[in-house]
Amino acid sequence: MSAVNLASGAPSSPLSVAAMVSGQGRGSNLGALIDAYAAATIGACMVLVIATRADAPAAERARNAGVPLSIVSPRRFEQDDEAYGEALLRLMRKSAIDLICLAGYTRMLPPAVVDQYRGRIMNIHPGLLPFFGGKGMYGERVHQAVLESGMKVSGCSVHFVDEEYDTGPIIIQIPVPVLEDDTPSSLGQRVLTQEHAAYVQAVQLFAEGRLRIDGRHVRVLSNRAEGVTE
Ligand code: GRF
């Protein structure tokens, strides 16, 4: 597969980011991205949050931060994935979205959305992919599985999204040691702290035009000039 340059050079105006969150989402990764823009750490502004439920804690987080919030319940489209995809794409187009960040969104995105935003959709996973991923592997289930496996290290992964669960090219991983007396909850807490750091870093690299997808690999270019000349 040929190399794809995702964004050439840092834009003068911030990237427009949309986050997608499901009902259970606490919204801590969403909050980390919103806070990073407010602190001028990243050149990517959260301009839209799409939540599956109005009462999701992550939706509350968006309201508190004054980020425009849309509720799109996939249940309304249970029999019609295409219509669900169209509804999402309409919102993305209306807000001229450059990058979609899944932040505790537990469903599969409709293929049309993946297709239209290929290489511009990221997800954060609370484990070291390609292990401990796939359908149904989210939240404490991941940490429980890690503890049962006897692994001495866990961590988090930020990856681009493709048509399967957790299989897209990996952008950044941060390892976290597994401790003797860890519970799913204690391990999850330590991983979560690193998730925030990893997501902010991945979005900033994207905003700087320093990510290049080359087959299964995501090359992190050392600087913008490299991105332009390669
Ligand atoms: C995180 O553990 C993330 O890795 C997974 O969903 C969880 C969302 O947590 N995809 P939060 O809502 O961002 O706190």
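The values are calculated or read from the model by the stated rules, or taken from the named source; none is laboratory data. Just so we're clear, the structure is a prediction, and the values are computed from it rather than from any experiment. Cβ sites come from the backbone with ideal geometry, for glycine too, and all protein chains shown count toward neighbours.
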Any idea which residue in the stretch 142-163 is farthest from Val218 (Cα to Cα), counting only those that are touching a residue at least 12 places away in the same chain (Cβ under 8 Å) and of a type in the set (D, E, K, R)?
Lys152
Given the conditions (1) within 16 Å of the ligand (Cβ to nearest atom); (2) among the β-branched types (Val, Ile, Thr); (3) out of contact with any Phe, Trp or Tyr (no Cβ under 9 Å at 6 or more places or on another chain), report the number of the one that Ile124 does not fulfil.
(3)
If I filter the stretch 182-196 for residues that are surrounded by 13 or more Cβ atoms within 10 Å (Cβ to Cβ), under 20 Å from Leu15 (Cα atoms) and among the β-branched types (Val, Ile, Thr), do I get at least one hit?
no
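Please tell me if Ile100 is away from the ligand (no atom under 13 Å from the Cβ), within 14 Å of the chain's Cα centre (by Cα) and farther than 23 Å from Ile50 by Cα.
Against the criterion (away from the ligand (no atom under 13 Å from the Cβ), within 14 Å of the chain's Cα centre (by Cα) and farther than 23 Å from Ile50 by Cα), Ile100 does not qualify.
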Note on the stretch 69-83: residues of a type outside the set (S, T, N, Q), under 19 Å from the mean Cα position of the chain (by Cα) and either surrounded by 15 or more Cβ atoms within 10 Å (Cβ to Cβ) or modelled with pLDDT under 95 (or both) are Leu69, Val72, Pro74
Among the candidates Arg107, Arg63, Arg90, residue that is part of a loop (DSSP other than H, G, I, E, B) and of a type in the set (D, E, K, R)
Arg107
Unmet criterion (only one of (1) crowded, with 20+ Cβ neighbours inside 10 Å; (2) within 11 Å of the ligand (Cβ to nearest atom)) for Thr106
(1)
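Yes/no per residue for (1) more than 11 Å from the ligand (Cβ to nearest atom); (2) under 15 Å from the mean Cα position of the chain (by Cα); (3) among the polar types (S, T, N, Q):
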site: Lys135; (1), (2), (3): yes, no, no
site: His143; (1), (2), (3): no, no, no
site: Lys152; (1), (2), (3): yes, no, no
site: Val158; (1), (2), (3): no, yes, no
site: Asp166; (1), (2), (3): no, yes, no
site: Ala198; (1), (2), (3): no, yes, no
site: Gly209; (1), (2), (3): yes, no, no
Cβ contacts < 8 Å: first residue within 15 Å of Asp35 (Cα to Cα), restricted to the stretch 176-205; second residue surrounded by fewer than 20 Cβ atoms within 10 Å (Cβ to Cβ) and among the small types (Gly, Ala, Ser), any location; separation 6+ or different chain. Result?
Glu195/Ser28; His196/Ser28; Gln204/Gly43
Any idea which residue in the stretch 1-41 is modelled with the lowest pLDDT, counting only those that are part of a loop (DSSP other than H, G, I, E, B), within 16 Å of the ligand (Cβ to nearest atom) and not small (Gly, Ala, Ser)?
Gln24
Looking only at the stretch 122-131, count how many residues are in contact with a helix residue (DSSP H, G or I) (Cβ under 9 Å, 6 or more places away or on another chain) and surrounded by fewer than 22 Cβ atoms within 10 Å (Cβ to Cβ).
1
